[in-house]
Amino acid sequence: MAIKKTTKSNLITIAILIIIYIVCQILIATGSMSNLMKGLLVPLCYYSIMAVSLNLTVGILGELSLGHAGFMCIGAFASSFFSKTMVDVIGNTFIRFTLAIIIGALSAALFGMIIGVAVLRLRGDYLAIVTLAFGEIIKNVINVLYIGIDRNGLHFSMQDSMSLNLLEDGEAILNGPRGITGTPKNATFTIAIILLILTYVIITNLVNSRSGRAIMAIRDNRIAAETMGIPITRFKILAFSISAGLAGVAGVLYSHNISTLTATPKNFGYNMSIMILVFVVLGGIGNLRGSIIAAVILTLLPEYLRFMQDYRMLIYAVVLIALMIFNWNPTCIQWRENHSLKNYLPMFFKKEKEGL
Amino acid sequence: MSMLSVKNLGISFGGLRAVDSVSINIEKGELYGLIGPNGAGKTTIFNLLTGVYKPDTGIIELDGKNITGKSTMDINNEGIARTFQNIRLFKNMSVLDNVKVGLHNQYKYPTFAGILRLPSYFKTEKAMNEKAIEILKVFDLDEEKDIMAANLPYGKQRKLEIARALGTNPKLLLLDEPAAGMNPKETDELMDTIRLIRNKFNVTILLIEHDMKLVSGICEKIFVLNFGTKLANGEPKEVLNNPEVIKAYLGE
């Protein structure tokens, strides 16, 4: 039996990611990659993971989430906390970081589930409202939270690090607005791209399975799905929790790539959630490969527009509009089809057509 | 033995008594027609039977089991499947996937088996594909299995809805105006298909229809509803010649 069209498209995406990875590694090895670009490699991966995971909620489940950065925040702090407390206990970096990733993903998924249980049984746009609030609340809670550890165990406080009453061997891990400092920088480009591919595989495998069909059936027609005997709320919560958990993975990469982790409006705020949503919308709702492409372009763009200084964001906005038109205007779609590689290099695409 | 037994069914919307003390008894394997003028409450009865609305009064028994007040999902699991008057397909999914959604509760494997692509995934998906194709063949839709449901012509969309409903392996199939918008040739084909699925899938059928040719052609019994109450009930010939029924349809 021939490989299914969707499977083929997924394999192509993974192949592209691996090729990009190899090209980047060669560029680094030959020293022809700028420091700016080197520093952006891991962020590109976690923004792509964010975009792909949000696409599960927006494109596949058909619900709007405006607080995706909140789940990233949870994953970042939970995993960072774990890594910092365990840095002396678990010597092996690989094991510790793997556990950190799992903890980040599970804690974010847990919050996703809690929100899902409360909100997803309702019909309408309640999820957007609640996630919006959640994103803001979680950031503010972390900013007033102090957690320290000594030989007696964990100490919590909502006032300052002095009131933790730590013994002399104790250490304050989470310092309210000053966040967590000194998380081991374990997130390398290799791990980041592996996690991106894993995220992509998890979502595409989910979509092309029994549960994925149920989720899409709910998106397309809730009443008909119910009449087919599909438990609506359960599958909505499932999809949303997975989406949140994967955002948590992005958070783990984020927190293990910087030295000081703080919850500021800049990194985990409303703007961040909207930016991720822009990646999803521009890349095409329900189109995972598009999400990655949009995330990469729109993360690189502001960096390469820095020479324009004050006009940077203005140009960014213009580019957004231009991209939107290029993506969806019928004339542009026609132009793209006329000038696609298939027309210029037909010999490479013959086989593919037969396969379909 | 009766497949569906409805006693004294009733529901009100505000001051409007949409369905009032309706009692229907459908035998196993019967092809039953539910007719009546516009606004008589036919689709409301379907919504009551499938749990979309909860009845104010009355008892619904399916195959001897009380299903009154159960959720839509549970009622489907008990064995009632339906189609809709305004087609409700999963438009952005392929024809095959639409039927596979119908098979959701017949073929199971856990979500993680799907994500990790465990052997149970491949085994169950293969069985699902075979069953789905088998159902699609009955409706002559197997050639179009990879087409997006929204891109099917209207008549085939109606057929796909029936195919999807059959996927849930129902005891009782409710068809809400299956011939609406079909031309006479398509209607003839549909009549054959309905008879065929009744025999092949061993299912009891209750259908709402305005096309009298279809109703008198295939239904073994007819229930006439007017203003939410029973007007007549019985064999097609006697019911359709009943002066009360003619008056309700054509006026005085």
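The values are calculated or read from the model by the stated rules, or taken from the named source; none is laboratory data. For clarity, every value in this text was computed on a predicted model and none was experimentally measured. Because the Cβ atoms are built from the backbone with ideal geometry, glycine has one as well, and the counts that use them run over all protein chains shown. Surface areas here come from the heavy atoms of the whole protein model, side chains and all, with no ligands, DNA or RNA. Shrake-Rupley method; radii C 1.70, N 1.55, O 1.52, S 1.80 Å.
State in Å² the accessible area per residue of the range A:41-271; use a 1.4 Å probe, count heavy atoms of protein chains only, and round to the nearest integer.
Numbers: 8600 Å² over 231 residues.
It amounts to 37 Å² per residue over the range A:41-271.
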Relative contact order for chain A: what is it in percent, counting Cα pairs under 8 Å that are at least 6 residues apart?
-> 29
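Would you tally the net charge around A:Ile215, using a Cβ to Cβ cut-off of less than 11 Å, leaving A:Ile215 out, and scoring K and R as +1, D and E as -1? It would help to have the intermediate numbers written out before the result.
On the way: positive: A:Arg210, A:Arg213, A:Arg219, A:Arg234, A:Lys236; negative: A:Glu63, A:Asp220.
Taking every Cβ under 11 Å from that of A:Ile215, the sum is +3.
Calculate, for A:Val144 and B:Ser216, the FRET efficiency according to 1/(1 + (r/R0)^6) with r their C-beta to C-beta distance and R0 60 Å; round to the nearest 0.05. Walk me through the numbers before you get to the answer.
Values: r = 75 Å, r/R0 = 1.26.
Between A:Val144 and B:Ser216 the formula returns 0.20.
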Plugging the Cβ-Cβ distance of A:Asn35 and A:Ile315 into 1/(1 + (r/R0)^6) at R0 = 22 Å yields, to the nearest 0.05, a FRET efficiency of 0.40
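For the interface of chains B and A, what total accessible area is buried with a 1.4 Å probe, rounded to the nearest 100 Å²?
Details: alone 12150 and 18440 Å², together 28080 Å².
Approximately 2500 Å², summed over both chains.
Express the relative contact order of the range A:125-175 as a whole percentage, based on alpha carbon pairs under 8 Å and six or more residues apart in sequence.
32
Can you tell me the order of B:135-143, A:290-298 when each peptide is scored by its average per-residue count of other Cβ atoms within 10 angstrom, highest first?
Details: B:135-143: 17.7, A:290-298: 23.3.
Answer by packing, highest mean first, reads A:290-298, B:135-143.
If each DSSP helix of 4+ residues adds -39,500 (n - 2.57) and the sum is divided by the residues in chain A, what number results at 222 nm, nearest 500 deg cm²/dmol? If you can, show how the numbers build up before the last one.
On the way: 16 runs with 246 residues, N = 356.
Helices in chain A give a 222 nm mean residue ellipticity of -22500 deg cm²/dmol.
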Virtual spin-label span in nm between B:Glu143 and A:Thr188, 7 Å along Cα→Cβ = 5.7
Just check the range A:1-71 against the gyration tensor rule for me: Cα atoms, a ≥ b ≥ c as the square roots of the eigenvalues, rounded for a/c under 1.5, and otherwise prolate or oblate depending on whether a/b exceeds b/c.
-> oblate
Give me the accessible area of A:Thr204, 1.4 Å probe, in Å² rounded to the nearest 10.
-> 10
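Taking only C-alpha pairs under 8 Å that are 6+ residues apart, what is the relative contact order of chain B in percent?
On the way: 469 pairs, mean separation 67.7, N = 252.
Worked out over chain B, it gives 27 percent.
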Taking the Cα centre of the protein assembly as shown as origin and charging only Cβ (+1 Lys, Arg; -1 Asp, Glu), how large is the dipole, in debye to the nearest 20?
-> 980
Ranked by accessible surface with a 1.4 Å probe, highest first, in what order do B:Asp192, B:Asp20 come?
-> B:Asp192, B:Asp20
Each residue of the range B:74-87 in turn: what ³J(HN,Hα) in whole Hz from Karplus with 6.51, -1.76, 1.60 and θ = phi - 60°, glycine and Pro shown as x?
-> 5, 5, 4, 5, 6, x, 10, 10, 9, 10, 10, 5, 9, 3
Compare A:His68, A:His256, A:His155 in a GNM of chain A, Cα atoms joined below 10 Å, and give the one with the largest fluctuation.
-> A:His155
